[in-house]
Amino acid sequence: MLRLAAGACLASCIMAVSPGASSAEMERPAWSEHAVKHRIDQDRLAGTLDADALQTLIAAGRDLFEARFTTLDGAGRPHSTQAIIPTRHRRPAEHGFQRLAGPDANACSSCHNEPATGGAGGFVGNVFVSEGFESADFDTIDPQFSNERGTNHLFGSGLVELLAREMTADLKAQRTEALKAARASGEPVAAPLASKGVSFGSITALPDGSVDFSELDGIDPDLVLRPFSQKGVMTSLRQFTVNTLNSHHGMQASERFGARWTGTGDFDGDGMADEIGPGEVSAMVAFQASLPAPLETAPEDPEWRKAAKAGRAVFADLGCATCHKPSLPLDSLAFADPGPVDTAGTLRTQDVAEPAIYDLGLLEWAKALPRDEKGRVLVPLFGDLKRHRIADQASPRFGNETLAQRFVERDVFMTAELWGLADTAPYGHRGDVTTLDEAILAHGGDAKASATAYRKLPEEERSALVAWLKTLKVEP
């Protein structure tokens, strides 16, 4: 089995040919207006990459994440929509780039840039989410057709996906055991679903092999945690990357828009075939998965340190940690790519002879992560990877979207991980909340009791909580 390894063979995994070029064509010159100057051979990515190989792939992924794609690369999509399912325009697009339906950015880092590449984006970097009409031409920002969202940071995202994979496996195993028990007993079996201290309600397994999901809470009936996007509807970094390359840049990944699924290598009809190959997507996944976890920092100012210590206690007393769990335990730092739960439209485990393994434990920042008595990594995300109703009639601000997304109701969102909060203002799903105080007070629904208790606190304790939240920083 060929593997991407250290030393002389590193260069061989990144072929010195340009997209659409023959294998005999040499790498583009440094001044070329092509942003993508070479292909990455997916077939050479297999098994566990050593430290040097992983760093080489991460560097290639960073280059692609920061690349300002041009029409020479295939940027733009004149005859394809923003839909995640390959969909042709009913009429030619009037503009190649537009803020309405996209493409709306030249590089991933155009929006993911605060405080560093891979970070969040300000209000100016908001996106328009229109998956509710994924098979329709979308050329308006009328509220009836889209939701406006802020750009989240990606630091620690590899750990988040690994947690979601392990929790998905736990929940599916619990479903399997319940079905076995129901078949053996001939009676319905009610089974609670929980993983890593997070409850997802319960299911009732029936003797005929069917399952009653009516008591499920915060997750889809397939029991797959989808930890990305503010609604919790994206399964993996790979899915997220393929989606956004098309939506924001008009760069179609061949693993979804290529001949296998669409019958052509140039689905968007811009004259550029196979604009992004699976190797390039893998490099971008490796870069995002390797971004370091945000940290809880200690301010230099002694008064701030004192206030933050008090604020940490206020956070616990208010019950905020019920959803914003300070940490979740992770068994393994081995990030398989492609992953175990991706579906058609992204490269899947069965599509390759052997997945690549990016061992995040090789990265210096990961070595400093705390561990529990069982040796598990404690991922300090301050979240639970679960959807919650976060607005109500009295507190509607966080339920201000017009459309449901992927059958997730308008006032239901995944718990926002608080790590990195200090570097990701403004707040809220739309990025229109300017202070943490406002954000806390806006909580309704499942978080109503905590918000009400916060409102009743004396100003000193409210200030202390903000002081502590401002210590949760992205440290690139």
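The values are calculated or read from the model by the stated rules, or taken from the named source; none is laboratory data. Bear in mind the structure is a predicted one, so any value in this text is a computation, not a measurement. Neighbour counts are summed over all protein chains in view; Cβ atoms, including those assigned to glycine, are modelled from backbone coordinates with ideal geometry. Just so you know, the surface numbers come from the protein's heavy atoms only, side chains and all, with ligands and any DNA or RNA stripped out. Shrake-Rupley method; radii C 1.70, N 1.55, O 1.52, S 1.80 Å.
Taking a probe of 1.4 Å, how large is the accessible area per residue of the chain, in Å²?
Result: 43 Å² of accessible area for each residue.
For segment 75-104 and segment 329-392, what is the separation of their Cα centres, given in Å?
What the calculation gives is 32 Å, centre to centre.
Distance between the C-alpha centers of segment 207-262 and segment 399-475? Whole Å please.
Computed from Cα coordinates, the inter-centre distance equals 25 Å.
Would you work out what percent of the accessible area of the chain, with all protein chains in place, is carbon or sulfur (probe 1.4 Å)?
Taking all protein chains in place, the chain shows 54 percent carbon and sulfur surface.
Across the chain, where is the longest run that never hits GluC sites (Glu not before Pro) in a DSSP loop with at most 10 other C-beta atoms within 10 Å?
95-299
For the chain, just the Cα set please: Rg and Dmax, both in angstrom.
22.9, 71
What is the diffusion coefficient of segment 361-425 in µm²/s, taking the Kirkwood radius over Cα pairs and the Stokes-Einstein relation at 4 °C with a viscosity of 1.567 mPa s?
Answer, rounded: 88 µm²/s.
May I ask for the angle, rounded to the nearest 10°, between helix 51-66 and the longest principal axis of the chain, with both axes built from Cα atoms and the value confined to 0 to 90°?
So the inclination is approximately 90 degrees.
If you fit an axis through the alpha-carbon atoms of helix 157-185 and take the longest principal axis of the Cα set of the chain, what angle between them do you get, 0 to 90°, nearest 10?
The angle comes out near 70 degrees.
Give the Rg/Rh ratio for segment 95-243, taking Rg as the radius of gyration of the Cα atoms and Rh as the Kirkwood radius, to two decimals.
Numbers: Rg = 19.8 Å, Rh = 18.0 Å.
Rounded to two decimals, Rg/Rh equals 1.10.
Of 234, 115, 302, whose Cα points farthest to the positive end of the dipole of the chain (charges on the beta-carbon: +1 Lys, Arg; -1 Asp, Glu; origin at the Cα centre)?
Going by the charge dipole, the pick is 302.
For helix 302-317, report the angle its Cα long axis makes with the longest principal axis of the Cα atoms of the chain; keep it between 0 and 90° and round to the nearest 10°.
80
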